[in-house]
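Working notes, structure below.
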Amino acid sequence: MAEELETKQISGSIPFFFYDLIGRIVPGAVLILGVLLYFENDLLHNWLMTIQCIFPKDSTAGYALAIVLLFFGVAHLLGVLLGSMSYMVVASPWEKFAPFDSARLKDYLGMADTRELHARFKKLFGYALDEAHLNKASFQCSYYVWRTNPNLGLMTARADAELLSAQNLVFVNLILFLMSSFRLSRHLGWNGDLPWAVCLGLAFFGTCPSFNYMRKKKVFGRFGMFLASTSKIEPTAPGEAAEGV
C-alpha cells in the first residue's frame, strides 16, 4: 500500500500558455506560412508589400490587434488538430519501430541497474514496473511527481510541450515536403521548386532526430524525477564527504 505523502506548494505557475505556444501555436503558424508560400510564389520576395497590404498605414491599433489574434487563433486551432494527426502518423509508428527499453533508460540516467527503480515503483503503486511499456508507466511517475513536488511537475510539463512541438513540426514539415514534391513532379512550379523541395526535405529529416531526443527526454526524464522525488537521502556535509573519500 502506498505511503501517505505530504504535498508541497507550487512556487511557479502551471505553464498552460507555454504548452499552447510551444506545442500548438508555433507548429500551426509554420503550417500557415508554409501553405501561403506554396500557393503564393512571390510572397517571400515581396514580403514587405504583403505586410503593408495586411497592415495599411491608415489601420487602427484595434484592427492590427484583431489580425494578430486571428492569426494566432487559427494557428492554435491547427495545432490542436495537428496534435492528434501527428500522433497517428509520427508518434505511434515511431514507438512501434523504436520502443523504449531498460538499456537506454539506464544509459540516459547513468544507472548501473534498474532494481531500485523497480522497488520504489512497486512499493508506491502496488504493482511491478513493466519494462515492455515504459512509456505508459512513465505517466504514473509523472502524476506522482506532480503530487509530491509540483515544481518538478512543471519540468515534466515543459518536456511534454517540447515533445508535442517536435512531433507536430515533423508532421508539418512532412506535409510541406510532400506538397512541394508533388508540384515539382507535376512541373507546375517556378524556378525555385527544386531548392524549396530540398530545403523542406532537409527540414523534415532534421526535425526527426529532435523528436527522437525529446521523446527520450520526456519518458526517461519522468523516471529520473520520480527517483529524485522519492529519494530520502540527505545531502552529505562537506566534512563527511572528505572523510568518506
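The values are calculated or read from the model by the stated rules, or taken from the named source; none is laboratory data. Just so we're clear, the structure is a prediction, and the values are computed from it rather than from any experiment. Using ideal geometry, Cβ is built from the backbone for each residue, glycine included, and neighbour counts are taken over all protein chains shown.
Assessment of segment 77-85 against the conditions (at pLDDT below 80, within 26 Å of residue 147 (Cβ to Cβ), surrounded by 15 or more Cβ atoms within 10 Å (Cβ to Cβ) and not acidic (Asp, Glu)) yields no matching residue. Taking the condition farther than 23 Å from residue 180 by Cβ, at pLDDT 85 or above and not hydroxyl-bearing (Ser, Thr, Tyr), does residue 25 pass? Spelling it out, residue 25 is indeed farther than 23 Å from residue 180 by Cβ, at pLDDT 85 or above and not hydroxyl-bearing (Ser, Thr, Tyr). Check segment 182-204 and report whether any residue there is part of a helix (DSSP H, G or I), touching a residue at least 12 places away in the same chain (Cβ under 8 Å) and within 21 Å of residue 19 (Cβ to Cβ). No, that holds for no residue. Quickly run through segment 142-152 and pick out the residues that are touching a Lys or Arg at 6+ places or on another chain (Cβ under 8 Å) and either buried (at least 20 other Cβ atoms within 10 Å of the Cβ) or not β-branched (Val, Ile, Thr) (or both). Residues satisfying the conditions are 142, 145, 149, 150, 151. The single residue among 160, 193 that is in contact with a Ser or Thr (Cβ under 9 Å, 6 or more places away or on another chain), at pLDDT 85 or above and surrounded by fewer than 21 Cβ atoms within 10 Å (Cβ to Cβ) turns out to be 160.
Here the helices (runs of 4 or more DSSP H) wholly within segment 22-139 that include at least 1 residues being in contact (Cβ under 8 Å) with a residue 40 or more places away in the chain, closer than 29 Å to residue 164 by Cα and β-branched (Val, Ile, Thr) are 26-39, 61-86.
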